[in-house]
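Novice: My questions all concern the structure below.
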Amino acid sequence: MPRIACLHTIDSNAAVFDEALRMTGLTGVSLRHTVRADLLASAERQGRLTPEIAAETVAVLRSLFAEADAVLLTCSTLGPAAETAARDAPVPVLRVDAALAAEAVREGGRVAVLCAVETTVEPTRRLFEAAAQATGAQVSVQVVPQAWEAFKAGDLDRYRSLVARAAGIAREAGAMQVALAQASMAGAAALLPEEIRPLTSPAVGLAAAVAAARAT
C-alpha cells in the first residue's frame, strides 16, 4: 500500500485530496496529511518565498520521509522547496503542480494558468515555462482578482465562482488549455461545462506521487 504524505498550507486541502483520491479510483493508497498554514502566511507577509521560509519547508518535508513512500507538497507558493528536499531523499518528493504543468502544456498552444495568491505567480510561471520548452506552448500566468480575499473570508462559493468565471474568460480569449495552479481552486472546475473544464492539480498530482512511490 503506497503511503503518500501530503504537506498542505490550507486546512481544507486535506479534504480536497481525500476527495481527489476517491475520484481517481486509485486503490490501496494511504494519505497522511500535515498542515502548516504558517508557512504560506509567512510567504504572504514577505511577498515571496524567502530562503528562510524555503529552508523551513524543506525541513518539514524531510520530517515526513520516515513514514512515507512518497511526499507531496500541495502548496504552489512553496513549490520550489520540494525540488530542494528531493535531493538525496530516500523517497520521491514531488510538488503537486509539476504534473499539472506537464499535462497543461502537452499539446502546445496557448495555456492560461490561473492563481489566487500573488505569491504563487512567480514559482508557477517558472515551472510552467520550463515545462513548455518541450512542447512550444505559450504560457500566461495571472491572478484571479478578489478570489483570495473571498477564500480567506470563508466565502468559498464566491471563490469558486470567481475562479470559474476567469477560466471561462480565458478560454473565450483563445486559450487551448486552462490550468488552476492552486489545489484549493479545484472545486471551481465543476462549475464549468465539461468541454471547457480547466485542469486541476490534486488528481494529477496524486497520480504522479503514487506512480513514483510504486516505482521505487
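Here, each number is a calculation from the coordinates, and none is a lab measurement. All of these numbers come straight from a predicted model, not from anything done at the bench.
Novice: Among DSSP beta bridges whose residues both lie in the chain, state the antiparallel percentage, nearest 5.
Specialist: Of all bridge pairs located within the chain, approximately 0 percent are antiparallel.
Novice: Can you run phi through the Karplus equation (6.51, -1.76, 1.60; θ = phi - 60°) for segment 162-173 and list ³J(HN,Hα) in whole Hz, with x for Gly and Pro?
Specialist: Ordered by residue, 3J(HN,Hα) equals 5, 5, 4, 5, 5, 5, x, 5, 4, 5, 5, 7 Hz.
Novice: Mind checking which of T77, T119, T27 has the largest fluctuation in a GNM of the chain, springs on alpha carbons under 10 Å?
Specialist: Greatest mean-square fluctuation among the candidates belongs to T27.
Novice: Work out, in µm²/s and without decimals, the Stokes-Einstein translational diffusion coefficient of segment 63-216 at 25 °C, 0.890 mPa s, Rh from Kirkwood over C-alpha pairs.
Specialist: For the chosen part, D equals 156 µm²/s.
Novice: Sticking with this structure for a sec: Gaussian network model of the chain, Cα springs within a sub-10 Å range: biggest mean-square fluctuation belongs to which of D18, D38, D97?
Specialist: Evaluated over the chain, the most mobile residue of the options is D38.
Novice: In whole Hz and in residue order, list the ³J(HN,Hα) couplings for segment 121-130 that follow from phi through the Karplus curve 6.51 cos²θ - 1.76 cosθ + 1.60, θ = phi - 60°; x for Gly and Pro.
Specialist: Rounded to whole hertz, the list is 4, 5, x, 5, 4, 4, 5, 5, 5, 5.
Novice: Taking θ as phi - 60°, what are the ³J(HN,Hα) couplings along segment 181-192 by the Karplus curve (6.51, -1.76, 1.60), each to the nearest whole Hz, with x for Gly and Pro?
Specialist: Each residue's phi maps through the Karplus curve to give 5, 9, 4, 5, 7, 4, x, 5, 4, 5, 7, 10 Hz.
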